[in-house]
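**Q** A single structure is presented below for examination.
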Amino acid sequence: MRLGLRLRVVGFVSLVLFAIVGWAVVMFSQSFASRLRDGLLMQADQFAELATEPIGEAFLQYKDSGRVRITQQIENFVALNDTITNVNIYDVSGNLLYQQNNSSDTSNQTVSDQALQTIDTTYLYSQDNTIQQVVSPYVEDTGVHRYTIVYQIDSSSISADVSRTVNTTIAVGIAVIAVTILAVSLLLELLLLKPISKLQQAAESVSKSDNNTEIPVFARNDEIGDLSRSVEIMANKLQADIEQLRGVDKSKSEFMALSSHYLRTPITVLKACMELLGDSKNNNQKSRALAIANATQATEKLYELTENILLIARFQVNTGDIESEEVEINSFLTDLCTTYKVQAADKGLDFTAKFEGQDSTVNISKEYLKIIIDNVFSNALHFTASGGITLQAAKDNNAVSISITDTGRGIAQKELSRLFEGFHIGEDFMTMTESHTGLGLYTIKLIIEKHGGNISVTSEQDKGTCVTITLPSIQ
């Protein structure tokens, strides 16, 4: 059986309150009864001190005149204190000389001879320490102690008062418990259960992939407030992860479609070339040489695509360890410019190289640096129909920046944010006359970041694009 938080808290509070109220009732009852007993003793003592001499004198005066006159005198005094139920008069030898009530009262304690003979007032108590009798000596003016007066005390009123007080205290305690439990239940609902219930409902909605779920955030500087903020952060992170996974799935779908398209062409070329070379009837050397050339080109395209995919996979699982070396940027780029100038000229484009300041050194693999520069230049060459391409290098503080600027068609603003996503192909890429996998910029971004650098792109449609690579320098 599941016990809810409310039931457990209320049950615990109830047990604690019942224990406290029970302890309070017992302690208060004992204290109250003690005060009543002390008051009864004080009242009886004061009465005995006041009445003993007059009663003794009345007894001495009227003992020979009869019981009636003595009884009248005693009852006049007893009427002043309703707790006195009987008055007995003894001589010092222990003989009972007078009894107010003739009926035998077996509940009265027997008065000892010592108590009757002493000239000091003696008090006799019951088992629960309640005063029962006051033994008060009557001493004549001559100093003779002839009689002792014993006052019988009625303590039944104490029990009644204590009982009423206990019942009242218990009733008040139960009322306090009921009100406290109700207050605790309401506070528990308001401060704890209701917020937790809202968070639980929101969490269940999030678990059901409800993207419109609004996480309740409580502006409280306590654990519930911290919990709500943590749940909100978790939900936002989860939503971001979901969106990222959806983007990855979309990118993978795009990649599969593009890969099938780009792989199909070189594979088809290879198949055709192999069939041509395998045809024993074909002795045309020119056609066979062309088939070999086409097969070689198709193989190179397949190899480039495969290398890019493997490179991305290695970096994504952090196994792309690089053996770096010191590379002088200006000297390295100068070697590449010869090839770039020829490629630009073949397409009718101008190529310009600008190196500002002294030669700077970076720590990077030459192989990967060439991949980076070749890839960016290749993109500039593909997308520039007229004008030219400029390669610049400059040192800024502790970094080296390499920029490749073209006068090509540019890139749409909506494509810039996704330019470095894996397997993403912009709309302009789909109109290219040459195959392009969309792996280039994403690949070089991984390489650059692996070396502690970054890459950025600025572009304006129909005016051109500038790709800037920044790497930390070592001198």
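**Q** Testing ASP120 on (1) among the acidic types (Asp, Glu); (2) farther than 29 Å from GLY66 by Cβ; (3) modelled with pLDDT under 85, one condition comes back false. Which one is that?
**A** Against the list (1) among the acidic types (Asp, Glu); (2) farther than 29 Å from GLY66 by Cβ; (3) modelled with pLDDT under 85, ASP120 comes up short only on (3).
**Q** Which of the following residues is under 59 Å from the mean Cα position of the chain (by Cα) and surrounded by fewer than 16 Cβ atoms within 10 Å (Cβ to Cβ): ARG6, ARG37?
**A** Just one listed residue meets the conditions, ARG6.
**Q** In segment 80-91, what residues are at pLDDT 85 or above and either charged (D, E, K, R) or more than 28 Å from GLY39 (Cα to Cα) (or both)?
**A** ASP91
**Q** Now for a different question. Read through the list (1) touching a Phe, Trp or Tyr at 6+ places or on another chain (Cβ under 9 Å); (2) basic (Lys, Arg); (3) touching a residue at least 60 places away in the same chain (Cβ under 8 Å), then give the number of the only condition that LYS63 fails.
**A** (3)
**Q** I want to confirm something. Restricting to segment 231-282 and keeping residues that are of a type in the set (Ser, Thr, Tyr) and assigned to a helix (DSSP H, G or I), which single residue is modelled with the highest pLDDT? Walk me through how you get there before you give the answer.
**A** Taking segment 231-282 first, the residues of a type in the set (Ser, Thr, Tyr) are 251, 253, 259-260, 262, 265, 268, 280.
Filter again for assigned to a helix (DSSP H, G or I), leaving 251, 253, 259-260, 262, 265, 268.
Values: SER251: 62, SER253: 70, SER259: 62, SER260: 67, TYR262: 61, THR265: 73, THR268: 82.
Here the answer is THR268.
**Q** Can you tell me how many residues in segment 384-408 are crowded, with 18+ Cβ neighbours inside 10 Å, of a type outside the set (Val, Ile, Thr) and at pLDDT 90 or above?
**A** 6
The values are calculated or read from the model by the stated rules, or taken from the named source; none is laboratory data. Since the structure is predicted, the reported quantities are computational estimates derived from the model, not experimental observations. So basically every Cβ, Gly included, is an ideal-geometry build from the backbone, and we count neighbours across all protein chains shown.
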